[in-house]
Each structure stands twice: as C-alpha cells, then as structure tokens.
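Colleague: Right, I'll just put the structure down here and ask away after.
The values are calculated or read from the model by the stated rules, or taken from the named source; none is laboratory data. The structure displayed is predicted, hence computed values, not measured ones. Cβ placement follows ideal geometry from the backbone for every residue including glycine, while neighbour counts extend to all protein chains displayed.
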There are 2 protein chains.
Amino acid sequence: MPPQRRSAPSRQLTRSLPHIAIEYVRPELDAGRFAPKRIVGDRIDVSADIFKDGHDLLAAHVRVRGPADSDWRTVPMTYDFDSDRWSADFVADAVGAWRFTVEAWTDRFATWRSELEKKIDAGYEVSSEVLEGAHLIDRAARKSRFGPVRTTLKRWVTALRDSSRHPTERAREAFDPALLALIEEYLPADDLTTYARVLTVRVDRERARFAAWYEMFPRSQGTSPGEHATFADLGPALRRIAGLGFDVVYLPPIHPVGETSRKGRNNALTAAPDDPGSPWAIGSQAGGHTAIEPRLGTLEDFDRFVQQARELGLEIALDYALQCSPDHPWLREHPEWFFVRPDGTIKYAENPPKKYQDIYPLNFWCEDRDALWQACLDILLFWIGHGVYTFRVDNPHTKPFAFWEWVIGEVHARHSDIIFLAEAFTRPKRLEYLAKLGFTQSYTYFTWRNTSSELRDYLTELTQGPAREYLRGNFFANTPDILHEYLQLGGRPAFRVRLLLAATLSPLYGIYSGFELGEHEPLHSGSEEYLHSEKYEIRERDWDAPGNLNADIALVNRMRREHRALQLTTNLSFHHSENDRMLCYLRSATTDAGRDDLLIVVNLDPLHTQDSMVHVPLDRLGLTPDAPYAVEDLLTGARYVWRGSRNYVRLDPREQVGHVLVIR
Amino acid sequence: MPPQRRSAPSRQLTRSLPHIAIEYVRPELDAGRFAPKRIVGDRIDVSADIFKDGHDLLAAHVRVRGPADSDWRTVPMTYDFDSDRWSADFVADAVGAWRFTVEAWTDRFATWRSELEKKIDAGYEVSSEVLEGAHLIDRAARKSRFGPVRTTLKRWVTALRDSSRHPTERAREAFDPALLALIEEYLPADDLTTYARVLTVRVDRERARFAAWYEMFPRSQGTSPGEHATFADLGPALRRIAGLGFDVVYLPPIHPVGETSRKGRNNALTAAPDDPGSPWAIGSQAGGHTAIEPRLGTLEDFDRFVQQARELGLEIALDYALQCSPDHPWLREHPEWFFVRPDGTIKYAENPPKKYQDIYPLNFWCEDRDALWQACLDILLFWIGHGVYTFRVDNPHTKPFAFWEWVIGEVHARHSDIIFLAEAFTRPKRLEYLAKLGFTQSYTYFTWRNTSSELRDYLTELTQGPAREYLRGNFFANTPDILHEYLQLGGRPAFRVRLLLAATLSPLYGIYSGFELGEHEPLHSGSEEYLHSEKYEIRERDWDAPGNLNADIALVNRMRREHRALQLTTNLSFHHSENDRMLCYLRSATTDAGRDDLLIVVNLDPLHTQDSMVHVPLDRLGLTPDAPYAVEDLLTGARYVWRGSRNYVRLDPREQVGHVLVIR
C-alpha cells in the first residue's frame, strides 16, 4: 500500500526512541519546574520506576552534580523486584543547587549469565549460549584499550570458544568475579535511556531549617528610657537576646524614615514633631534602601553592631521592603519606576477603599524595569556586603512572582547561603507559590491556629503534605501586626502555651519583642493591632518586669539546641488525647548517640486546669505493652512512672502549661 | 558595583517572564507526556490554579482544538475566590485527539471598575480615576477598526473626560453594559500568560468504554461435529452470540498455522497428523499475518463473515500476535528481522528454562527495524481494510514500548476509531504503562480477585485511583489461558457469580466460549490451563446442554444495555455488608430520563447460602431515614419493601447468586 509507506519511521526516529521506561523520579516538584529543598548534610533519596519490555535484566544509576563538583558522578541504583522501584542516595555536602537525573540500560551480561544458569540447571546443551557470552566479552575487549585488560578479556573469549572443552565447563569460566568487574567497566551499555528531565534540589545551610528568631525595633532598645537608640547602644540588647538563646535577630527597616505624610502614634494620619514614624515608609533626604536612618547612627555603627552580634552567635536579619516614602530619592531620580496618575503625579499605595499616603509602590513592569530590578538586586548585594545573610521580605505577594524568582536566583548565584523569609499571609496558594519560587522560609498561619484540630490539621499539612518538599514554616507567636485574641484574653499562661507550641512544633519559630513581657493590649477590642504600636512610636520596657517569660524562653531554646528531635521538620506525629483541650505529639530523631524521642503534652486552655488520658505510641518508642517506664519532664525535671499506652496527665496552666517528656 | 551590573536582566528576559501563575491544569497525565482518555460525547472539565501578585482581577479561558476543528476556539473560565481554582468545560463531540491549554490575563477594566465603585462608595473624589478609565477605553478604541465601533468608544472617552460634569456622574457612564461588551472585545489583554504545556485528551468511541466481548475459536464453531469450520459456516454461531446480547466477537489468530514443531493436543510436543495446532503459531506456506488459514476458508469468506456480523450488530475483533511459526514467510524473506544464534540459525522463543520451539520472536531493534515496524503497521492497515476495527494485542509486554506508541499513533492518525485491547498480565506498572502509551483497553487482574476485600480494593484502585484517567479494564471471566480455581471448584453457581460480577462491576467485560456451559476441568489440579485446551484441538459443544448459562448471560447483557449506570466506569461505590461473603455496591448515573441507580448484592460464596445486613446509602439515593421504599430485583422481578439503611438479604447460590435492585 504505497500511500502508507510514506510514513515509514525514519532511522533517526527509531534511533531516538527510548528503550526503557523511567517514571516518577523522586524528589521532583511540579515536573521539575521548581526545586525541592534540603539542608546541607541531608541524605538525598532518589527513586524511580524503571522497567522494560521482555525479560532482560536492567541496571541503573543516578547521575548527580553538586554545586562544588567539577563534573557529574554516578551512584548505582538498587531495585525492588515486585514494584519495579529503583533507588539510590547521596549526601548533599554543599550548599547550593544540586542537579541530578536517572539513567538505565539493559545489563546484557547479567541477563546472559542468569539465563545460562537456568539452562545449565535444566540440563540443556549450552554451547550456543557460551558462544553468545564469548561475543559479549569480545565486545568489551574491543571497547577496552590495548594492553593487559584487553589481553585478559581476549583470553576469556578464547577460553569460551574452545570447542575442545565441554560447554558447561567453559560456561563456568564466565562466572569469575574478576571477569564481571571488567565487563561492568568495559561492556557498552545497551538501550541506554536517560530520564526526560534533569532535576534540581536546593540545598541550604542548617539555619534555613533550624533557628529561633527574635524581632526587635532597634530604636526602642536604648539604654536611656524613651530616647531613640543608635546601633552603638545595642550591646546590652544583643547580650540579653543571646542570653535568651535566640539565633537570629530580625530588624524592621533600618533606613531613613520618610517625613511627608508620616504616620503618628497609633497610626494617626498626622505625626507629632517627635514621632519617629513607621520604618516601612522608607526613604528621606538622608537616603533610601542602602542608607541608615540617621537617628540609628552610621553605617559604621551598623557594621560594628553586626560584628558584635556575630561574636554573640547571633545572625542579623534585615527587612527587605520594596516600597518608598514620598521622600525617597528614587521618586526624584527615577519617577519612571512608579505608577503615574493622569495628572502626572505619582501614585501612593491603595487597596481601595484603604489609602497609604506615606507609601509609594514600585511599578515592576515599567518600561525601565531592567534598571529597577537591578537596583533592587543591588540593595540585597549591598547589605550582604555588610554582613547580612538573612532577609525577611515584606509583602512579597504584592510584587511580581517573576521578580522574586529572578532576584533570589541572582543572589544565590553569587552567595548561595543567603536566607529569604517570605512575609505572605495572603491566600494559601500564593504563599506556597512564593516558597516554590525560591523563598527559603515562609511565615505561616500558625498564629491563627489555636485549637487541637486546627493545630493537628495544619501541622499535618505542612509536615506530611506536598508542601513539606519546598515550604519551611517559620512559626511566629506574635508580630508587630498580629496580636491574636488568644494572647489578648489568655493572660500569661496563653503566652507560655504559644511559646511552647511554636518552639516544639517547628524547628523555625520566632517572637516579636514584648512577647516575653506578655504585652497583650489591642488597639481596640476585635483588632489584632497593638495599642501604642511600636510601628509608630518608641517603646520603653523593663525586661525584668514581674511575670516575664525570660526563664521559659531560655529553657525552650536550650532544649531545642540539645535535642535533634526539635531541629527537624517532618519528624512530627500526633497522638490521641482523650481530652481535646490537651494536645499530644511526638518528635523523634536518630543521632549518633541513639534515639531522641520527645513526647510533648500541652494544655491548650490557658484559663482552666485540664486533665486527660494520653495514648503513648509504645511500638514507636520500642516500649513493651505492660512494663512500666520512667518519663522525665525537661521543663520541670519531674519524673513519673508510666505503664502501657494510656497514661494520665493533669496540667494547671497557672503553674505549668505542658510537659516535654523524655522516656528513660 | 560594576561587576554585578553584568547580570542586569535583558529586556528580552523580562519581556518573556510570565506575569501570572497557572498551575495544576487538569486533566493532565504525567506533565502532558501522555493523554488521558475520554469517550465521544463526554463533557471535559478543565480546571487550573490561576493567580497573580497584588489585587488585580484576572480573566482566563481554555483554548481548545478538536480533531475536526480547523482552528482553536476558546471557552471562558470561571473561578472560586477562596481556592483560586478556575474551571470551564466543553463537550468532546468527535473521536480523536483533543488538544487544549489555558490562558490568563489581567482584566484591567474590571479591576478599574471595582476599585472605582469602592472609592465612590467611600465618598472619594474620583476625577483622576475617571480619567484612567477614559485612557483604558481609548486603548480599546485605538485597537478597534475605524468605523462605528471606534466612534462609539471615542464618544465614551470624550464623555469621561468632560471636566464640566461631576466625576461621579461621568463614572456612571463607565458601567454601561454596552461599553463593557466592546471593551471585552477590543481592549488588549495585559499580562497575557499561557500555561507551559499544550495538553491532549484522547477521545474514543462508545465501544471503547462499554462492550460485552465473546471470545471463540472459529474452527470449533462448525455445524458438522468435530470438523474444522470455515468462516462460511459461522452464521449460526454469530446469531447465537448476538442472541446472547454480546457486542464484540474476538477471534484468536485466523492466520495459517505453522506445521514445523506444531504442538499437539494438551500442548504435546509432537502433533498428530490431524491436530490443528495453536493458532498463535502464525505462518505457513499459505502465508503470514495477512493471510487466512486455508481450513478457515478464503479472504472473501472472511469479508462476508464480517459483513454478516455487522448486520447482527456485532463487531469482529482480531488477535494481533507479532510472532512467527518456523514456516512464516518472513523467516525466508526477512531473516534479518529475527534473533540469530552464533551458528547462524534463527532463535525460537524462550523464557528459560521454558522453550517455545513453535514460535520465533521478532527482533524489533534489528538493523532493518524501520521496514519491520512498517510491515507490522501494514498488517493492521490490511485488516482494517477488511472491516476489522478492534484488535486484541497478544503479549504486548514482550515488544518495545516505543513500538506500541508509534504503531498505535500511526493507526489513529489514519483511523481514529480503532480500538486496541492489551493482553498484559505482567507486573502492574507495565500493564499501566501500556495503557498510557495508547492502548484503548487493558486486560486486568479481575480473574484473580475473588474475595470481598480483593474486589473492593482492586475496583477502587481502577475507578478512583490515577489509573481511572487512562486505563480501561476489560473484565474477562475466563480466557483460553485462565481457568481460575474458583471456577474449577465452585460449580455452576461460581460461573453465575463471576458473570454477574464482571457484567455489573465493569462496563467492559467478556467471556471465552465454554464459560456458558460451565466448562471447569483443568489440565491438572493446580493448573489454570483447560483440559483438552481449545488452543490445540477442535472442541465440540452442545450450546443448549443442561445447566447452561444462556438465560443468565442474555439477561445481564440486556440489563447492561437498558441501564446507563452499567455503561460507565467511575460511577461505582461499595457499601457496607455485615457479612463479608456478600458484596454490596451501587452503580449510579444520571440520564435525560432522570437518575439510574442500581444497588447490587452478590453472594461470593458459590457453595453455601449466606445472609447479611447490607447498608443502603440512603442520602445518595435521596431516601428519607425511616420511610419504607420498594426495591425490585431486575434478575427475578421480585419486589421487597425495605426501610432505613440496614436491610436483610439472604442468597442461596443454588437458586440465586445476587440481586440487582432498582429502588422504586
């Protein structure tokens, strides 16, 4: 049928067709569009479905290239027969982008050997099979260089072809392990098939997964009450925060604060002469995003401050807020970077009917966007140059996704260890998408999850769902924008509950200063804004005021450093508590020292004593059903003798809000 | 910092960056690598996550192109605010490949209007906003052709810019629906973003999803006992099968049967002179895959047979078995298409230690593979030319995946309505992969699923798991290769149980002739092979022998044709039966005539009477908890009055193995 002949497959076509199916390679995120996240030192488990038609035996390996590698290396894969699932692993020993893919081929020699064995066992005459083996070995010999290897291989070829000997006897020669080694090295891989995509895993430093954050307004940390502090005054503050066991100190914008339309105390439309204004209204005569508010001191003061922090084991995180006050130099130098009204004036920020006259948004898609994006990148590079390796990004969901993917990529190409925390309390899919685009950490809905079921569902979603691959939640117990009703009404116990939950449910957590003093007065009832919000005024505080949580904070932070189980994300499991007001969960890890299991019980009711029977996962803990065992509370040092699965717990929040139990 | 400047994003880069996120488009299979399957007339629901930074309102549509369409058309999408999930649907009204993708853009005018409304409600002065609206309308005007449209739009521009009128009054003009219509047509789409992939859905004809198959050896269907029948003798057989209500008649290979190494009765290594041999040993002096076994008659007889079947509403399915007997013409004409041993002889099939001396496998990757693949395609095109539109493919898992994807694609490019059924009882992932590659239907593990939990788990996997998108299971109750122990030991009730299950659990099912007579003798105990297997000898049968299942078969097949609920795949749900030996499930459909609900209860124990309380899903059936309702058994016509959810069922398998209940 001539017409049909037209479509005969071209030799090129059949040449290019894959012989082997390689499917569902893991870890893979959105068909390779984004990179799953890991931490340096993690073991990366790669797996794939690999199979072929017929009965040939296959071989496969992972091809991997780390950020420090000068070339690709391979890791052999092993497989499970029933599931056709192949796997291998490697340790990601450097920060940066790790690329990998999977290759598979037909293992001709192994196939030949296994069929030969079956035939010999069945008593068949195998002279023809032995000659086929000789042919395979000869192929390997031809692939090898002249010299000893080729000579050795040729000797085997001759031996297998020696018709004077019994075929079965010759066959035995082929099972020599020395031959196998040479074959694996020199026999060309038949049907070599490579997975459709080269995948990437983003590997970050330990701080990206495990850190306790402390947010503070530097201007409030003065030694002389009520006065605007400078970076030169912050030594005591740093020592206090280090003493509480925090790892990261996050500062709201430290840049010159705008004067035009400056907001007064409690967000008043007009500011009093001495009002410091919101630090998020960035830019004044004194400069923009690469300048420092004069009242905070000089760049040199800042450099010393960063150095001082480093000596105390603290890392400084800056706020990256891409917006301008009416006085920002960019409005004069680059009016084309902003939105313009029909009358030619520049547009301030709006979310109708709300107006933000003290803030001008940038037009990221303006005609001159290339210069604008570069300028935004330069801000980050400037502060990195001053020792800042972590950035908390303000409202990333109001800037283009494409910008974030670009700017984070550009920074990581130069400084792969920079950490970006996304402040995005917008709808979940945008929050998740920003994490996929490259943000190292994300704010979460933790602040609004207070009941057992809310916490169980949300933590299960974060630690067991798809997001576990790319979203690292940073659990802030409060922020300058969020004082939850639970804290407003629950008194000191409520603060202790939320501290314990944040610090033990997530390896990443933080508080905003004032939390340790139980500050709980809202702007008005029903509001999550603070009364006398520090965003608009300088706050004085007595850090040792009665009722402070300093001891609690120091304790949980020390616990976190001492227990690997509190430094991981996906090692969380919830367990039944017969009283729903009490939450019971287990954090487990394996260390060189052995297992690290912490069973945690928290009374979520800050106002009343609660008791409950909690169900201990005996099997997981390697405990026998009936034998008694001792548990020790790391919070109090108290010891209890428990037996079996169901055990009694009673917590009076005025004394103690939870147990962190080590099983002895 | 000059060095950093080097990496300024090029205008080309920022131009090409997407403004909008379009994710998780459904239906999508393996990131578009394969095509999900649907049936002509199905409504295709397309959905996607679509969102952008900031507060702009978006718009989106599906771009779709059917096999008959000369161009792409668009279907507007609507969205759910909370989930950012957008959706649209279209009806696939033609067989073939449907391509589609998703596009989204910023709806500037809608965004402008909604913000304007909010500002007016808030009592703001909006003259500037009105001018922005005028600018948008002017953009649309410039996009429109000269003439009435542009004049109309320009008139609105003038009206909105008329500073002599109050801004709010001018604003109202902008809410004129006539204007909105013109804007939607002429205002250029900002931030237009297209989904990363163009996806394909494979649409087949109804028979691909709903059909009752009957497998028979034509040579056994003679009118004169024991004699090898020809296609000219098959009229009565076709009328009988049509009378039983089947749709498809599947014939094992009808090609010349090899003589060299022909297998005798019960798979004996040597055949007696009059033994017909296995039809799967294809090829003799009389020809190969495009010839007909001389004892079956001529090609003309076959053409008449196909025509006769068509007149009876039956479709003929042929076996596509790509292997050759030692006498196949290809061994002489194309020895290079086969595997050759070191001594130059051609290799017969082996699966060590098993040998198949009567069958020679093809070497699909031989040097001359292009000609071989084309010849294999030509076989299909030849029989399609003779009215065969359905092929049952023998052992596809022993031929390259790449070949199947190519040959099915080539056939569908010419004849989009051809159906391919894959015989692959190999490991699950290969079976599933063949379905992804393009096979229309697949044999399943149904034959080996006999208990409640086995059936529930397997059907749930097929109808609710990922496979539902691409794998259509054809439930054969028996085949010439598989006589399950359940049938060997369960007597007549066992056959009735498996018939009822196959016919009511799956819209695709089949039996191999002899099943209706309860043939149950294995080659030997422990074997699934038939004694006196028809693969090696001609069988005589009295189709009206006592104990036959003709009435049962005719009844279930009529039921299937009368009830839409039995013609769909994913409309199955299992419901609790307090006795595990009884299986209870619901099949639901909506038709123009209203709902079609069938509640089916089957006693899986062929040897003993079983009773159970079954739990009726009242809510699903729109029944009130306490009111009584009548159920009618379609198998017996018996009526019962039931009340509430728990109801009593008792089935004696010697009388009745199940109920198919319609709720009145």
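Colleague: Within the range A:537-566, can you find the residues that are over 27 Å from A:Leu599 (Cα atoms) and in contact with a Ser or Thr (Cβ under 6 Å, 6 or more places away or on another chain)?
Modeller: Scanning the range A:537-566 gives A:Ile538, A:Arg539.
Colleague: (1) under 53 Å from the mean Cα position of the chain (by Cα); (2) of a type in the set (Ser, Thr, Tyr); (3) more than 14 Å from chain B (Cβ to nearest Cβ): which one isn't true of A:Thr168, the others all being true?
Modeller: (1)
Colleague: Please enumerate the residues belonging to the range A:376-395 that are without any contact (Cβ under 8 Å) to a residue 60 or more places away in the chain and more than 10 Å from every other protein chain (Cβ to nearest Cβ).
Modeller: Selection gives A:Cys376, A:Ile384.
Colleague: Run down B:Tyr348, B:Tyr356 and say which single residue is more than 10 Å from chain A (Cβ to nearest Cβ), without any contact (Cβ under 8 Å) to a residue 12 or more places away in the chain, farther than 24 Å from B:Asp204 by Cα and out of contact with any Gly (no Cβ under 8 Å at 6 or more places or on another chain).
Modeller: Values: B:Tyr348 fails: without any contact (Cβ under 8 Å) to a residue 12 or more places away in the chain.
One residue alone meets the criteria, B:Tyr356.
Colleague: Scan the range A:408-422 residue by residue and report those that are farther than 16 Å from A:Tyr509 by Cα and without any contact (Cβ under 8 Å) to a residue 40 or more places away in the chain.
Modeller: Those that are farther than 16 Å from A:Tyr509 by Cα and without any contact (Cβ under 8 Å) to a residue 40 or more places away in the chain: A:Ile408, A:Gly409, A:Glu410, A:Val411, A:Ala413, A:Arg414, A:His415, A:Ile418.
Condition check ((1) farther than 27 Å from B:Thr426 by Cα; (2) of a type in the set (S, T, N, Q); (3) in contact with a Cys (Cβ under 8 Å, 6 or more places away or on another chain)) across all residues:
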| position | (1), (2), (3) |
| --- | --- |
| B:Leu331 | yes, no, yes |
| B:Ala349 | no, no, no |
| B:Leu362 | no, no, yes |
| B:Thr398 | no, yes, no |
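Colleague: I'm checking my understanding of the structure. Among residues of the range B:47-99 that are of a type in the set (A, V, I, L, M, F, W, C) and at pLDDT below 95, which one is surrounded by the most Cβ atoms within 10 Å (Cβ to Cβ)?
Modeller: Per the stated criteria, the residue is B:Ala68.
Colleague: Please go through the range A:79-111 and give me each residue that is in a helix (DSSP H, G or I) and without any contact (Cβ under 8 Å) to a residue 60 or more places away in the chain, ordered by number.
Modeller: A:Ala110, A:Thr111
Colleague: Oh, and also: Restricted to the range B:118-131, and to residues that are in a helix (DSSP H, G or I) and in contact (Cβ under 8 Å) with a residue 12 or more places away in the chain, which residue is nearest to the other protein chains (Cβ to nearest Cβ)? So that I can check it myself, show each step before the final result.
Modeller: Taking the range B:118-131 and keeping what is in a helix (DSSP H, G or I), we get B:118-121, B:127-131.
Those still in the list that are in contact (Cβ under 8 Å) with a residue 12 or more places away in the chain too: B:120, B:127, B:129-131.
On the way: B:Ile120: 9, B:Ser127: 9, B:Glu129: 9, B:Val130: 9, B:Leu131: 4 Å.
The extreme case among them is B:Leu131.
Colleague: Can you tell me which residue in the range A:366-375 is nearest to the chain's Cα centre (by Cα), limited to those that are surrounded by 18 or more Cβ atoms within 10 Å (Cβ to Cβ) and more than 8 Å from chain B (Cβ to nearest Cβ)?
Modeller: So, considering only residues that are surrounded by 18 or more Cβ atoms within 10 Å (Cβ to Cβ) and more than 8 Å from chain B (Cβ to nearest Cβ), the one nearest to the chain's Cα centre (by Cα) is A:Ala375.
Colleague: Moving on to the next point. Going through the range A:15-37 one residue at a time, which ones are out of contact with any Phe, Trp or Tyr (no Cβ under 8 Å at 6 or more places or on another chain) and either within 11 Å of chain B (Cβ to nearest Cβ) or touching a residue at least 40 places away in the same chain (Cβ under 8 Å) (or both)?
Modeller: A:Arg15, A:Ser16, A:Tyr24, A:Pro27, A:Glu28, A:Asp30, A:Ala31, A:Gly32, A:Arg33
Colleague: Counting only residues that are in contact with a helix residue (DSSP H, G or I) (Cβ under 9 Å, 6 or more places away or on another chain) and of a type in the set (Lys, Arg), how many does the range B:173-207 have?
Modeller: 2
Colleague: Also, I was wondering about something else. Are any of the residues in the range B:521-543 in a strand (DSSP E or B), in contact (Cβ under 8 Å) with a residue 24 or more places away in the chain, more than 30 Å from the chain's Cα centre (by Cα) and surrounded by fewer than 19 Cβ atoms within 10 Å (Cβ to Cβ)?
Modeller: yes
Colleague: Okay, moving on. Which members of the range B:335-344 meet the condition of being hydrophobic (A, V, I, L, M, F, W, C) and either over 37 Å from the mean Cα position of the chain (by Cα) or at pLDDT below 90 (or both)? Give the derivation first.
Modeller: We begin by selecting, within the range B:335-344, every residue hydrophobic (A, V, I, L, M, F, W, C); these are B:337-340.
Correct list: B:Val340 only.
Colleague: Right, here's the next one. Test of understanding: among A:Ala309, A:Ala317, which residue is part of a helix (DSSP H, G or I), of a type in the set (A, V, I, L, M, F, W, C), more than 14 Å from chain B (Cβ to nearest Cβ) and touching a residue at least 12 places away in the same chain (Cβ under 8 Å)?
Modeller: On the way: A:Ala317 fails: part of a helix (DSSP H, G or I).
The match here is A:Ala309.
Colleague: While we're here: It is to be established whether one or more residues within the range A:344-352 are among the basic types (Lys, Arg) and assigned to a helix (DSSP H, G or I). Even if it seems obvious, please write down each step before you answer.
Modeller: Applying the first criterion (among the basic types (Lys, Arg)) to the range A:344-352 yields A:347.
Add one more test, that the residue is assigned to a helix (DSSP H, G or I), and what stays is none.
Checked against the condition, which is being among the basic types (Lys, Arg) and assigned to a helix (DSSP H, G or I), the range A:344-352 yields no hits at all.
Residue-wise test of (1) of a type outside the set (Ser, Thr, Tyr); (2) within 13 Å of chain A (Cβ to nearest Cβ); (3) touching a Ser or Thr at 6+ places or on another chain (Cβ under 9 Å); (4) in contact (Cβ under 8 Å) with a residue 40 or more places away in the chain.
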| residue | (1), (2), (3), (4) |
| --- | --- |
| B:Glu333 | yes, no, no, no |
| B:Phe338 | yes, no, no, no |
| B:Glu405 | yes, yes, no, no |
| B:Ala424 | yes, yes, yes, no |
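Colleague: Pairs only if they're at least six apart or on different chains, beta carbon under 6 angstrom, first in the range A:485-497 and on the phi < 0 side of the Ramachandran plot, second β-branched (Val, Ile, Thr) and surrounded by 22 or more Cβ atoms within 10 Å (Cβ to Cβ); list them, first residue then second.
Modeller: Pairs that qualify, where the first residue is on the phi < 0 side of the Ramachandran plot and the partner is β-branched (Val, Ile, Thr) and surrounded by 22 or more Cβ atoms within 10 Å (Cβ to Cβ), are A:Pro493/A:Val657; A:Arg496/A:Val657; A:Val497/A:Val657.
Colleague: So A:Glu632 clears everything in (1) charged (D, E, K, R); (2) under 20 Å from A:Pro507 (Cα atoms); (3) surrounded by 15 or more Cβ atoms within 10 Å (Cβ to Cβ) except one condition, right? Which one?
Modeller: Condition (2) is where A:Glu632 drops out.
Colleague: Could you check the range A:38-64 and list, in sequence order, the residues that are in contact (Cβ under 8 Å) with a residue 24 or more places away in the chain, of a type in the set (Asp, Glu) and within 12 Å of chain B (Cβ to nearest Cβ)?
Modeller: A:Asp49, A:Asp56
Colleague: Right, something else. When the residues of the range A:183-210 are filtered to those that are in contact with a Ser or Thr (Cβ under 7 Å, 6 or more places away or on another chain) and assigned to a helix (DSSP H, G or I), which remaining residue is farthest from A:Arg26 (Cα to Cα)?
Modeller: A:Tyr186
Colleague: Specify which of the listed residues (B:Ala196, B:Ala174, B:Ala178, B:Ala211) is within 14 Å of chain A (Cβ to nearest Cβ) and out of contact with any Cys (no Cβ under 8 Å at 6 or more places or on another chain).
Modeller: Answer to the check: B:Ala196.
Colleague: Run A:Asn474 past the list (1) in a helix (DSSP H, G or I); (2) in contact (Cβ under 8 Å) with a residue 60 or more places away in the chain and report the number of the one that doesn't hold.
Modeller: Answer for A:Asn474: the failing condition is (1).
Colleague: Can you work out which of the residues in the range B:442-490 that are over 21 Å from the mean Cα position of the chain (by Cα) and hydrophobic (A, V, I, L, M, F, W, C) is farthest from B:Ala211 (Cα to Cα)?
Modeller: Going through the qualifying residues, I end up with B:Leu489.
Colleague: Those residues that are crowded, with 17+ Cβ neighbours inside 10 Å, touching a strand residue (DSSP E or B) at 6+ places or on another chain (Cβ under 9 Å) and of a type in the set (Lys, Arg), I need them from the range B:165-203; list them, please.
Modeller: Listed by number, the list holds a single entry, B:Arg202.
Colleague: Let me ask something additional. Any residue in the range B:345-362 that is out of contact with any Pro (no Cβ under 9 Å at 6 or more places or on another chain), modelled with pLDDT of 95 or more and surrounded by fewer than 20 Cβ atoms within 10 Å (Cβ to Cβ)?
Modeller: No - not one qualifying residue is present in the range B:345-362.
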